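To keep things clear, I will list the structure first and then write my remarks on it.
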Amino acid sequence: MSDSAVLPYDVFAKKCPSRQVFEHVTGKWGALVLGCLDSGPQRFGEIRSQIEGISDRMLTQTLRTLCDDGLAVRTADSPAHPVYRLTEAGEDVAAAVRTLITAVEDAMTNGAGV
């Protein structure tokens with residue numbers, strides 16, 4: 001394989017920046033927030049009400065991280081009412097997360113796990 005055919009990112013490489021984004025996406029809260037936003041733009045309170053057990057602080061931190069990673073954006077009609085939505089890249093990642101969520105739920109329905 002020539003050097004020009006090498007992918008610019010390799011999540012398996014320790015120092016690759018894609019590894020950090022992968023960890024954000026696959027972490028407990030990142031995956032749940034992405035799965036939640038996959039259904040469309042939502043306000044903070046709407047997201048919080050769908051994800052049981054997440055604290056305001058953790059949701060704020062997770063949303064900030066996903067925005068910093070370029071997977072979500074925060075827009076506001078007014079400063080008191082920001083709305084979060086996925087970017088195009090976030091939509092692609094969220095679709096994969098949603099597929100994983102469905103696979104886990106299906107496996108549980110079919111007798112796997114707890």
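Based on what the data block shows, is Arg98 among the basic types (Lys, Arg) and over 10 Å from the mean Cα position of the chain (by Cα)? Criteria not met by Arg98. Remark: pairs (first residue in the range 81-94, free of Cβ contacts under 8 Å to residues at least 12 places away in the same chain; second residue of a type outside the set (Gly, Ala, Ser) and in a helix (DSSP H, G or I); Cβ separation under 7 Å; 6+ apart in sequence or on different chains) are absent.
Rule-based calculations on the coordinates, nothing more; no lab input. Remember, predicted model here, so these are calculated numbers, not experimental data. Counting neighbours? That spans all protein chains shown, and the Cβs are built from the backbone with ideal geometry, glycine included.
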